[in-house]
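Everything on this sheet refers to the single structure shown next.
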Amino acid sequence: MYHRVLLKISGEALSSETSVICRETVQHTAQRIKAVWQKNVQIGIVVGGGNIMRGRSAEGMERNRADYMGMLATAINSLALQDALERISVPCVVQSAVDMDRFCDSFSARSAKQALDEGRIVIFACGSGCPFFSTDTAAALRAAEIGADALLLAKNVDAVYSADPKTNPKAIRYGRISYDRVVAENLRATDLTAITLCKEQKIPIRVFALDQIEEIFENESIGTHITEK
């Protein structure tokens, strides 16, 4: 179904109620990713940093500084995920949008695509490397740069809804929806910049719950497909 994908997961996919980075949670997430990798799918990953520091929602702090702190949080998460994947014999590399050669490689689309072709998972750290852009936008950017077949957004809900299903039992679940409708109805599947970039580059988006990642490769009805029509 997919040959090469960009998977975006939140920092919460590595944390627990008592730990910002929970070993068991990280290992569980790594096992799910391994199951997809074993399907011969090339996987690029962008990890959020919200379990440690969410720059966009930091209050009482200069926005640039808060966003840079958020980028560092994604680097920490990326290294934790790399360690967990390598421990279960999944080859992977971390590439950062901000140079930090002592910890990981610097990002380049050429080297990322080469690593993917060699069967390694590539984890992209530090978002886009610029403040004022979310990790969802960074994921859309990396998806375009590596020529991904799809942008897979693992969220804390299993699809895109017309309203928050946790507070509104009448919320409508969408199986398929257009980029334009997501924007027009402000459905918050992802941010406007990410949606716009994916629309321009004709990259389909799929929104689903993290625990469904293996299923989406077998079942078209899982999650929400966001496409041109």
**Complete:** HN-Hα couplings for the range 214-229 via Karplus (6.51, -1.76, 1.60; θ = phi - 60°), in whole Hz with x for Gly/Pro, come out as 5, 5, 5, 7, 10, 9, 5, 7, 6, x, 10, 8, 10, 9, 5, 10
**Message:** For GLN42, what residues show an amide H to amide H distance below 5 Å, using hydrogens built from the backbone and excluding near sequence neighbours?
**Reply:** ARG4, VAL5
**Asked** What order do you get for 217-224, 144-151, 86-93 when each peptide is scored by the mean count of other beta carbon atoms within 10 Å, highest first?
**Response** 144-151, 217-224, 86-93
**Complete:** The ³J(HN,Hα) series, computed from each phi in the range 9-19 with the Karplus coefficients 6.51, -1.76 and 1.60 at θ = phi - 60°, rounded to the nearest Hz and given as x for glycine or proline, is 10, 7, x, 5, 6, 10, 10, 9, 5, 10, 9
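With Cβ to Cβ distances under 11 Å as the rule, what net charge do the other residues near GLU12 carry (K, R +1; D, E -1)? Don't skip to the end; give the middle numbers.
Values: positive: ARG54, LYS155; negative: GLU17.
Taking every other residue near GLU12 into account, the sum is +1.
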**Amide H contacts of ALA150 (H built 1.01 Å from N, under 5 Å, at least 5 apart or other chain)** = LEU6
**Prompt:** Toward the positive end of the charge dipole of the chain, about the Cα centre and with charges on Cβ (Lys, Arg +1; Asp, Glu -1), which of PRO204, ILE88, ILE76 goes farthest?
**Reply:** PRO204
**Item:** Residue-wise HN-Hα coupling along the range 67-74, computed from phi with Karplus coefficients 6.51, -1.76, 1.60 (Hz; x: Gly, Pro)
**Value:** 5, 5, 4, x, 4, 4, 4, 5
**Message:** Whole angstrom only: what separates the Cα centroid of the range 1-49 from the Cα centroid of the range 74-102?
**Reply:** 12 Å
**Request:** Place a +1 charge on the Cβ of each Lys and Arg in the range 37-167 and a -1 charge on the Cβ of each Asp and Glu, then give the dipole magnitude about the Cα centre in debye, rounded to the nearest 20.
**Result:** 120 debye
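Based on the Cβ-Cβ distance of THR18 and ASN156, what FRET efficiency does E = 1/(1 + (r/R0)^6) give at R0 = 22 Å, to the nearest 0.05?
On the way: r = 18 Å, r/R0 = 0.82.
The calculated FRET efficiency here is 0.75.
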**Message:** Place a point 7 Å from Cα of GLU220 in the direction of its Cβ. Which residues in the range 169-189 have their backbone N less than 12 Å from it?
**Reply:** 176
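Using the Kirkwood formula over every pair of different C-alpha atoms, what hydrodynamic radius in Å results for the chain? Can you show the working numbers first?
On the way: mean 1/r = 0.0569 Å⁻¹.
Taking the inverse mean of 1/r over all distinct Cα pairs, the chain comes out at 17.6 Å.
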**Message:** Can you tell me what share of the DSSP beta bridges in the chain is antiparallel? A percent to the nearest 5 is fine.
**Reply:** 15 percent
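Taken together, the values in this text are just the output of simple stated rules run on the coordinates, not laboratory data. Computed from a predicted structure; not experimentally measured. Reconstructed Cβ throughout: ideal geometry from the backbone, glycine too, with neighbour counts over all protein chains shown.
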